[in-house]
Amino acid sequence: MTEIIQYIEQHYRDCTLMETAEKFGYNRLSLTCHSKATGYTFKKLVNYYRMEEVGKELINTEKNLFTL
């Protein structure tokens, strides 16, 4: 499962459940069950890494957020 989580961390921008399952030799349902065993669904993991990136961008921007 660690490899899958690392893969999601590196490819959160464009990875899909089907593509990730195929890459690691699972079907979609099996990967979903394994993900739930960690306490996080595939979607939650992807969203976590996406939001982490957004947070980093907000912290490191010089732009005024109120004018965007």
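The values are calculated or read from the model by the stated rules, or taken from the named source; none is laboratory data. Note that the coordinates shown come from a computational prediction; the quantities given were computed from them, not determined experimentally. Quick reminder, even Gly has a Cβ in these numbers, built from the backbone with ideal geometry, and neighbours come from all protein chains shown. Protein only, heavy atoms only, side chains kept; ligands, DNA and RNA dropped before computing areas. Shrake-Rupley method; radii C 1.70, N 1.55, O 1.52, S 1.80 Å.
Against the criterion of being basic (Lys, Arg), in contact (Cβ under 8 Å) with a residue 24 or more places away in the chain and open to solvent by 100 Å² or more (accessible area, probe 1.4 Å), Arg13 qualifies.
The residues of the stretch 5-19 that are under 15 Å from Asn47 (Cα atoms) and in a helix (DSSP H, G or I), listed by number, are Ile5, Gln6, Tyr7, Ile8, Glu9, Gln10, His11, Leu17.
Each residue in the stretch 38-68 was checked for being polar (S, T, N, Q) and surrounded by 12 or more Cβ atoms within 10 Å (Cβ to Cβ), and 3 pass.
Of the residues making up the stretch 16-37, those that are of a type outside the set (Val, Ile, Thr), touching a residue at least 12 places away in the same chain (Cβ under 8 Å) and either open to solvent by 70 Å² or more (accessible area, probe 1.4 Å) or more than 19 Å from Met51 (Cβ to Cβ) (or both) are Lys23, Phe24, Leu31, His34, Ala37.
How about the stretch 1-10: which of its residues are surrounded by 11 or more Cβ atoms within 10 Å (Cβ to Cβ) and not aliphatic (A, V, I, L, M)? Residues satisfying the conditions are Tyr7, Glu9.
Within the stretch 32-68, restricting attention to residues that are among the β-branched types (Val, Ile, Thr) and not in a loop (DSSP other than H, G, I, E, B), the residue that is nearest to the chain's Cα centre (by Cα) is Val46.
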